[in-house]
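So the structure is just underneath, and the comments pick up after that.
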Amino acid sequence: MTEHVSPLDATFLELEEADDSAHMHIGGLLIFESPAGEGPPDIEAMRGHLRGRLGALPRYRQRLSAPRTGGLSWPSWERSPGFNIDAHVHRAALPSPGGERQLMEWVGEYWSHRLDRHRPLWDITVLEGLSGGRWALVTKTHHCMVDGVGSMDVGHLLLDTSPEPGGPAPKPQPVTPSHADPESLLGRLPGAIAGAARAGADLALHPDKLRDMLARARALSELIVRDELIAAPHTSLNDPIGTDRDFEVVRVPLEELKRIKASLGGTVNDVVLAAATGGLRRLMLSRGEEPEHRMRAMVPVNVRTAGERMALGNRITSLFVELPVDDEAPVSRYAHVVDSAEGLKSGTAALGGTTLIDLAGLAPPMIHTVLAQALFASRLFNVTITNVPGPQTTLYALGSRLVEISGLVPLAAEHSVGIAVLSYDGHVTFGLIADRTTSPDLDVLRDGIEASLDELRVLAGTARMHEAPV
């Protein structure tokens, strides 16, 4: 059977097509430490390693049947003729001395360029020349192929749990979409009419489904009133952006975040959001912009089931969290974050977001592109903050130990800053991405998040644990 791009996956293709400034690839910066006396792996060895694992990831050998969406059907996934892994796995070297500044500049430049839609939508570079004899894998994969949680599951297929490479990786299970992928508008109409008749009879026989529909309708209406009719405030983060990117990283031990939440209440995610809020407040103040309203963050939420582990495609919805950047007091700022996040989690926001995505997916491609832009408009949210839990065991690639992972969140049009939080092996990174033209002051956000973490440590009465730059 032909596998079409799902409506949610197509959203990320459509966002790119609507605005040249939107880059819809996600990515990772994976830093490795080679065994004593050894250097980075040979590029051919890395290609061979990945070639042996791609059997479990057929999508990575496929391309889109058409480079653009639109019309009456979405593109399908088809085998890429003459697939050559050499075109997707490259080698590069940092300029001397290979420190933090050179690394951040290289990664920002790498992530400034879109993937070629005429080929499979992924790319990896083996980056040599990091200080201390370290090396890195820097990746980008189009968001239409995989979401953040899915990319972590895929990472398990490419990495090993010991210095000795393991055997063949398990084959991922396909994602079962929440609605059919329509092949054409005309082909769907008769089925939709018949489906409505069947649905009416089905609801009469199964009142639980009626209650579910009513709950979804109520959740959707609450989301529209709360987040659509009451627009997010306009900030300097939400002007038209360019195509060049800057990247920065904030590092903190996971145990430190756990100590803060144990003292102040809430969750580790609340600590993350509070730290980001403090950093965003400092960024706005540094621009002479006195925050008078709360900023709104889109926080993607994983809705994968256990059976969808290691499946490609997107299985997410979104929560829209109010960030109290207008509050100068760290203690009340933290309390507001906890209240906002907890209220959303205990309410209907996630169901409303899922319902909105499902309804948008019923539209034909020619209309769906307009809905996709509305779902990622700056009136709906100011900034994206992802928090992806990674593996808490040490991983390896070709015998080298993985010491750090940082992530990339895409920037939609008129969203100049994004924050990707990722945990791995007892460490947490805040991956900060920004448009170089409109937000050249990304270092202010980096320093602001670090200062906000210091404030939370003081409030919690915990000592700072050393986390040096890689």
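Taking first residues from region 124-136 that are assigned to a helix (DSSP H, G or I) and partners that are surrounded by 19 or more Cβ atoms within 10 Å (Cβ to Cβ), the Cβ contacts under 7 Å between residues at least 6 apart in sequence or on separate chains come to Ser131/Gly98. Checking each residue in region 62-91 for being surrounded by fewer than 14 Cβ atoms within 10 Å (Cβ to Cβ), farther than 21 Å from Met24 by Cβ and either touching a residue at least 24 places away in the same chain (Cβ under 8 Å) or touching an Asp or Glu at 6+ places or on another chain (Cβ under 7 Å) (or both) picks out only Asp86.
Okay, residues lined up against (1) modelled with pLDDT under 95; (2) closer than 25 Å to Val301 by Cα; (3) assigned to a loop (DSSP other than H, G, I, E, B); (4) open to solvent by less than 10 Å² (accessible area, probe 1.4 Å):
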position	(1), (2), (3), (4)
Ser96	yes, no, yes, no
Thr141	yes, yes, no, no
Gly150	yes, yes, no, yes
Thr176	yes, yes, yes, no
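Checking Glu109, Glu33, Glu105, Glu100 one by one, the residue that is surrounded by fewer than 16 Cβ atoms within 10 Å (Cβ to Cβ), modelled with pLDDT of 95 or more, among the acidic types (Asp, Glu) and farther than 30 Å from Ala377 by Cα is Glu100 and no other. Pairs linking a residue in region 22-38 that is free of Cβ contacts under 8 Å to residues at least 24 places away in the same chain to a residue that is surrounded by fewer than 23 Cβ atoms within 10 Å (Cβ to Cβ), with Cβ atoms under 6 Å and 6 or more positions apart or on different chains, do not occur.
Of the residues making up region 222-269, those that are at pLDDT 95 or above, open to solvent by less than 10 Å² (accessible area, probe 1.4 Å), in a helix (DSSP H, G or I) and more than 23 Å from Ser416 (Cβ to Cβ) are Glu256, Leu257, Ile260. Taken as a whole, the structure places Arg59 among residues that are within 17 Å of Asp9 (Cα to Cα), assigned to a helix (DSSP H, G or I) and open to solvent by less than 30 Å² (accessible area, probe 1.4 Å).
The values are calculated or read from the model by the stated rules, or taken from the named source; none is laboratory data. Predicted model only: the values in this text are computed from it and were never measured. All Cβ positions, even for glycine, are placed from backbone atoms using ideal geometry, and neighbour counts span all protein chains on display. Just the protein is used for accessible areas: all its heavy atoms, side chains included, with ligands, DNA and RNA removed. Shrake-Rupley method; radii C 1.70, N 1.55, O 1.52, S 1.80 Å.
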